[in-house]
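J.: Sharing a structure below in structure tokens format, with a few things to ask.
The values are calculated or read from the model by the stated rules, or taken from the named source; none is laboratory data. As the structure is a prediction and not an experimental result, all values here were calculated from the model. Here the Cβ positions follow ideal geometry from the backbone for every residue, glycine too, while neighbour counts run over all protein chains shown.
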């Protein structure tokens with residue numbers, strides 16, 4: 001990809017800027033000028049509005065790449081996935097910060113911006129989005145010394161009595 005084209009596409013790469021139809025509410029990434037979902041496409045021409053995609057989603061499908069394309073040889077093996085965002089569009093991106101064997105369909109991920117590659121002898125660095133796993137929320141720990149339904153004051157007394 002040429003450097004000029006890369007810079008033209010910067011808003012989508014850095015901001016996950018899409019569009020949303022004002023008639024049906026469908027969200028698109030990359031942005032579209034008309035909504036192909038609506039029955040009268042031309043009427044949506046003025047209805048499409050810029051929309052910020054959150055980057056939160058789940059892995060819809062994925063593959064582990066072992067034979068990399070030129071420029072990505074140092075990253076193998078890596079996971080390339082289709083991620084369904086909570087807004088609806090499916091984005092393609094690399095899953096990072098996780099072992100390839102730990103990735104699965106349904107894994108919750110979040111877009112993060114990282115270095116994609118370097119171009120040419122000048123070393124122009126291209127950045128874009130990749131996906132990282134969303135940590136599972138920890139379940140609240142039950143304090144030691146209390147049984148189910150035992151008030152804290154009784155639990156404390158029984159612990160002292162046993163000592």
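J.: Which of the residues belonging to the stretch 84-104 are free of Cβ contacts under 8 Å to residues at least 24 places away in the same chain and touching a strand residue (DSSP E or B) at 6+ places or on another chain (Cβ under 7 Å)?
T.: Hit for the stretch 84-104 is 92, nothing else.
Per-residue answers, yes or no, for (1) modelled with pLDDT under 95; (2) under 24 Å from residue 51 (Cα atoms); (3) assigned to a loop (DSSP other than H, G, I, E, B):
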position: 74; (1), (2), (3): yes, no, no
position: 79; (1), (2), (3): no, no, no
position: 149; (1), (2), (3): yes, no, yes
position: 154; (1), (2), (3): yes, no, no
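J.: State which residue is modelled with the lowest pLDDT when the search covers only the stretch 113-135 and only residues that are exposed (fewer than 11 other Cβ atoms within 10 Å of the Cβ) and either farther than 15 Å from residue 72 by Cβ or touching a helix residue (DSSP H, G or I) at 6+ places or on another chain (Cβ under 7 Å) (or both). Walk me through how you get there before you give the answer.
T.: Looking only at the stretch 113-135, we keep the residues that are exposed (fewer than 11 other Cβ atoms within 10 Å of the Cβ), and these are 115, 120-123, 125, 135.
With either farther than 15 Å from residue 72 by Cβ or touching a helix residue (DSSP H, G or I) at 6+ places or on another chain (Cβ under 7 Å) (or both) added as a condition, the list becomes 120-123, 135.
On the way: 120: 72, 121: 76, 122: 76, 123: 75, 135: 89.
The extreme case among them is 120.
J.: Could you pull out the residue among 81, 68, 33 that is closer than 19 Å to residue 103 by Cβ and free of Cβ contacts under 8 Å to residues at least 24 places away in the same chain? Outline the logic, then answer.
T.: Details: 81 fails: free of Cβ contacts under 8 Å to residues at least 24 places away in the same chain; 33 fails: closer than 19 Å to residue 103 by Cβ.
Of the residues listed, the single one that is closer than 19 Å to residue 103 by Cβ and free of Cβ contacts under 8 Å to residues at least 24 places away in the same chain is 68.
J.: Still on this structure: Could you tell me whether the stretch 7-18 includes any residue that is surrounded by 13 or more Cβ atoms within 10 Å (Cβ to Cβ) and modelled with pLDDT of 90 or more?
T.: yes
J.: Here's a check for you: in the stretch 38-54, which residue that is closer than 14 Å to residue 88 by Cβ and either modelled with pLDDT under 90 or touching a helix residue (DSSP H, G or I) at 6+ places or on another chain (Cβ under 9 Å) (or both) is surrounded by the most Cβ atoms within 10 Å (Cβ to Cβ)? It would help to see each step written out before you state the result.
T.: Initially, the stretch 38-54 is screened for residues closer than 14 Å to residue 88 by Cβ, giving 51-54.
Filter once more, so that each one left must be either modelled with pLDDT under 90 or touching a helix residue (DSSP H, G or I) at 6+ places or on another chain (Cβ under 9 Å) (or both): 52-53.
Numbers: 52: 12, 53: 24.
Looking at residues that are closer than 14 Å to residue 88 by Cβ and either modelled with pLDDT under 90 or touching a helix residue (DSSP H, G or I) at 6+ places or on another chain (Cβ under 9 Å) (or both), I get 53.
J.: Continuing with this model, one more query. Among 32, 23, which is touching a strand residue (DSSP E or B) at 6+ places or on another chain (Cβ under 8 Å) and modelled with pLDDT of 90 or more?
T.: Values: 23 fails: touching a strand residue (DSSP E or B) at 6+ places or on another chain (Cβ under 8 Å).
Answer to the selection: 32.
J.: How about the stretch 26-65: which of its residues are part of a loop (DSSP other than H, G, I, E, B) and either within 26 Å of residue 134 (Cβ to Cβ) or within 19 Å of the chain's Cα centre (by Cα) (or both)?
T.: First, the residues of the stretch 26-65 that are part of a loop (DSSP other than H, G, I, E, B): 26, 29-40, 45-47, 53-55.
Correct list: 26, 29, 30, 31, 53, 54, 55.
J.: Right, here's the next one. Within the stretch 55-67, identify whether any single residue is out of contact with any helix residue (DSSP H, G or I) (no Cβ under 9 Å at 6 or more places or on another chain), modelled with pLDDT under 95 and surrounded by 15 or more Cβ atoms within 10 Å (Cβ to Cβ), and answer yes or no.
T.: Yes: one or more hits.
J.: Only one of (1) over 30 Å from residue 60 (Cα atoms); (2) modelled with pLDDT under 75; (3) exposed (fewer than 10 other Cβ atoms within 10 Å of the Cβ) is not met by residue 140, so which one is it?
T.: Unmet for residue 140, out of (1) over 30 Å from residue 60 (Cα atoms); (2) modelled with pLDDT under 75; (3) exposed (fewer than 10 other Cβ atoms within 10 Å of the Cβ): (1).
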